[in-house]
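The values are calculated or read from the model by the stated rules, or taken from the named source; none is laboratory data. Small disclaimer: the values here were computed from a predicted structure and weren't measured. Cβ sites come from the backbone with ideal geometry, for glycine too, and all protein chains shown count toward neighbours. These area figures cover heavy atoms from the full protein model, side chains too; ligands, DNA and RNA do not enter into them. Shrake-Rupley method; radii C 1.70, N 1.55, O 1.52, S 1.80 Å.
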Amino acid sequence: MTKTILITGAGTGIGKDTAFALAQRGHRVLATTQTEAQALNLKQAANEQGLLLEAFKLDITLKEDQALLAQHHVDVLINNAAMGESGSLAEVDMQRVRQLFEVNLFATLELTQVALRQMIERESGTVLFISSIAGRVPMPFLMPYSMSKFALSAAAAGLRAEMDQLKKNIHITVIEPGAIHTGFNQAMTDSKYAWMGPSSYFAHQAEAMKKQERITFNWLEAKTTRSIVNAIVKASEAKRPRLRYVAPWIQGFGVRLARILGV
Ligand SMILES: NC(=O)c1ccc[n+]([C@@H]2O[C@H](COP(=O)([O-])OP(=O)(O)OC[C@H]3O[C@@H](n4cnc5c(N)ncnc54)[C@H](OP(=O)(O)O)[C@@H]3O)[C@@H](O)[C@H]2O)c1
């Protein structure tokens, strides 16, 4: 059965590839982006591939943009939009952390509330939260982002239990991607070097850290979005989606192991 699926942050990366995969499978896709320019580019790229897709700007932090969702009958909301921010919790400016939580948690939940209003009334719907394996294992120097994803994964699990009590056929799911090469991780790890001056507690090791981060992500990242896009498509189409989908599986396995070992 085809569904109407709204996805946020679809201008790039996992969101864009998911929007295209869902359109290929015949769903009506509302592919939303942070800027008008991204929406235009996305529409053009979809046209070139012969895909039908509705693209428009929806900055999730803006109330008037959030309200756009209410103009559509949305069967599935995919909360994909997010930003990254790195740096030690000992010195990162809390304004940066607040801004990150604004996007990754608060705006995401506000948009979800707009979707839930119609879904609860209609007694059907699915909401997917794209969290991260960084929301399962604390990651030093990535804690602003990691904390926001811990909060998002917890919020999703709690909301799922609340929706179960309502018995209105509303399904809440968390998707936890491992490291995937989209450019997101590089931009995130680099963000701290914009403000870590010579007085930083970690200035003496900044060059070595930068090098190590490049090596780690180069080694760790899945080279394509295929496995995570498949998981998102599966959860979007499922009658009763599971609480949690993790991909690539090998990274999910690594996280489980790390938790068992108490890392
Ligand atoms: N890549 C990974 O290794 C990885 C791992 C775990 C989880 N994830 C999660 O997967 C999702 C997609 O990430 P990605 O790797 O595909 O990176 P990405 O290409 O940077 O995707 C994030 C998208 O969110 C958009 N966005 C940011 N703020 C927004 C706002 N206020 N309103 C609307 N859109 C906004 C970004 O727009 P701009 O381009 O304009 O900033 C971008 O298009 C994110 O939730 C990320 O946390 C990624």
>> Students often forget the sequence filter, so: which lysines lie under 16 Å Cα-Cα from K239 once same-chain residues fewer than 8 apart are removed?
In response: K3, K167, K168
> If you roll a 1.4 Å probe over the heavy atoms of the protein chains, what accessible area per residue do you get for region 119-263, in Å²?
Replying inline: 53 Å²
> Between G183, G11, G125, which gets the highest mean-square fluctuation from a Gaussian network model of the chain, Cα cutoff 10 Å?
Replying inline: G183
> In region 117-263, carbon and sulfur make up what percent of the accessible area (probe 1.4 Å)?
Replying inline: 60 percent
> Comparing T61, T18, T33, which has the greatest mean-square fluctuation in the GNM of the chain with Cα pairs linked when under 10 Å apart?
Replying inline: T61
> With every protein chain present, what is the per residue accessible area of region 1-118 (1.4 Å probe, Å²)?
Replying inline: 46 Å²
> So what is the 222 nm mean residue ellipticity for the chain from helices alone, if each DSSP H run of at least 4 adds -39500 (n - 2.57) and you divide by all residues, rounding to the nearest 500 deg cm²/dmol?
Replying inline: -14500 deg cm²/dmol
> What's the FRET efficiency of L257 with H181 using the Cβ-Cβ distance as r and R₀ = 22 Å, to the nearest 0.05?
Replying inline: 0.45
>> Need the list of lysines near K211 for cross-linking: C-alpha distance under 16 angstrom, and skip anything on the same chain fewer than eight residues off.
In response: K192
>> Could you work out what % of the accessible surface of region 1-74 is carbon and sulfur, using a 1.4 angstrom probe and leaving DNA, RNA and ligands out of the count?
In response: 51 percent
> Which one of N169, P198, T33 is farthest out on the positive end of the charge dipole of region 4-260, using unit charges on Cβ (Lys, Arg +1; Asp, Glu -1) and the Cα centre as origin?
Replying inline: N169
> If you place +1 on the Cβ of every Lys and Arg, -1 on the Cβ of every Asp and Glu, and leave all else neutral, what size is the dipole of region 142-240 about its Cα centre, to the nearest 20 Debye?
Replying inline: 340 debye
>> Counting just the Cα atoms, what span does region 100-232 cover along each of its three principal axes? Round to the nearest Å and put the largest first.
In response: 56, 32, 20
> Using all Cα-Cα distances in region 4-260, what percent lands in each 5 angstrom bin from 0 up to the longest?
Replying inline: 1, 6, 13, 17, 19, 17, 12, 8, 4, 2, 1, 0
> By the gyration tensor of its Cα atoms, with a ≥ b ≥ c the square roots of the eigenvalues, what is the shape of region 40-185: rounded for a/c under 1.5, prolate for a/b over b/c, or oblate?
Replying inline: oblate
>> Can you compute the charge dipole magnitude of the chain about its Cα centre, using +1 on each Lys and Arg Cβ and -1 on each Asp and Glu Cβ, nothing else charged? Give it in debye, rounded to the nearest 20.
In response: 880 debye
